[in-house]
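Quick note: the coordinates plus some simple rules give every number you see, no bench work behind them. Please read all numbers here as calculations on a predicted model, not as lab measurements. Cβ atoms come from the backbone with ideal geometry, glycine included; neighbour counts cover every protein chain shown.
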Amino acid sequence: MKAFQVLLALLLTAAAADGQSFHFGSCPQPSVQEDFNITKYMGTWYEIEKLPAKFERGKCNQATYSLLVDGTVNVHNAELLSNGKINSIEGVAKVKDPSQPAILGVSFFKGVPDAPYWVLSTDYQSYALVYSCSDFFGLLHIDFAWILARTRMLTGDIISKLHDKLAAAGVNVSHLTVSNQTGCDIMI
Ligand SMILES: *[C@@H]1O[C@H](CO)[C@@H](O)[C@H](O)[C@H]1NC(C)=O
Ligand SMILES: *[C@@H]1O[C@H](CO)[C@@H](O)[C@H](O)[C@H]1NC(C)=O
Ligand SMILES: *[C@@H]1O[C@H](CO)[C@@H](O)[C@H](O)[C@H]1NC(C)=O
């Protein structure tokens, strides 16, 4: 029990220090996009808003997904750092249960467990709402959310609909931050 308490304290401290969104209780189970078609979801998405994620330090954040022959997805995330350099990382996403195609796991480092990647809503052509939540022993959870778009901006109408969906999932949308997508000409 003691080791467990220490671990929990460490997790809480790490989460708080990172400014991440941690909460008590287990993860919510929001509904995901019905009849999700991964093929239509491939291509480039730009980050419009997100729940604080400190590991993304730059601006002009974007993700490019491509379907591989084995059915997994290559993930290429890129951002522009303040020093003008482009920082990028490659990962792999996969659907674990074919009966739940909108629920993926993403991994950027070998040996590190997949992070959940739930597509809550998308029309494939303009917007996508992604949610990721991990819980620890059902006592504590940390969540992330991203509003993505096919262009570097999204209409207020769509954003407010996506906020409603996130709020329904129990996310406090006032914690979302707007991503800077200006001055991104250097990005492909
Ligand atoms: C998914 O989308 C692709 C590309 O538009 C299409 O060819 C395919 O038939 C769709 N799959 C299903 C199951 O609708
Ligand atoms: C949402 O977060 C804001 C800012 O932290 C806080 O003031 C507000 O009470 C929160 N709302 C809910 C419903 O938890
Ligand atoms: C976004 O980036 C541009 C170009 O680097 C900068 O001029 C602008 O102040 C930034 N906007 C915000 C809200 O930080």
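Numbers for the structure displayed
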read-out	value
Inter-centroid distance (Cα atoms) of the range 22-85 relative to the range 109-140, Å	8
Inter-label distance, nm, simple model (7 Å from Cα along the C-beta direction), ALA168/LYS94	3.2
Per-residue Cβ neighbour rank within 10 angstrom, fewest leading, ASP70, ASP123, ASP135	ASP70, ASP123, ASP135
Of LYS85/LYS161; LYS59/LYS110; LYS40/LYS165; LYS110/LYS161, pairs whose Cα-Cα distance is over 31 Å	LYS85/LYS161; LYS110/LYS161
Proxy reagent accessibility, fewest Cβ within 10 Å first, across LYS110, LYS50, LYS40	LYS110, LYS40, LYS50
Computed helical MRE - 222 nm, the chain, DSSP H runs ≥ 4 contributing -39500 (n - 2.57), nearest 500	-5500 deg cm²/dmol
Residue order, fewest to most beta carbons within 10 Å, for ILE158, ILE89, ILE142	ILE89, ILE158, ILE142
Dimensionless Rg over Rh [the chain; C-alpha; Kirkwood]	0.96
Charge dipole magnitude, Cβ of K and R +1, D and E -1 - the range 2-178, Cα centre, debye nearest 20	400
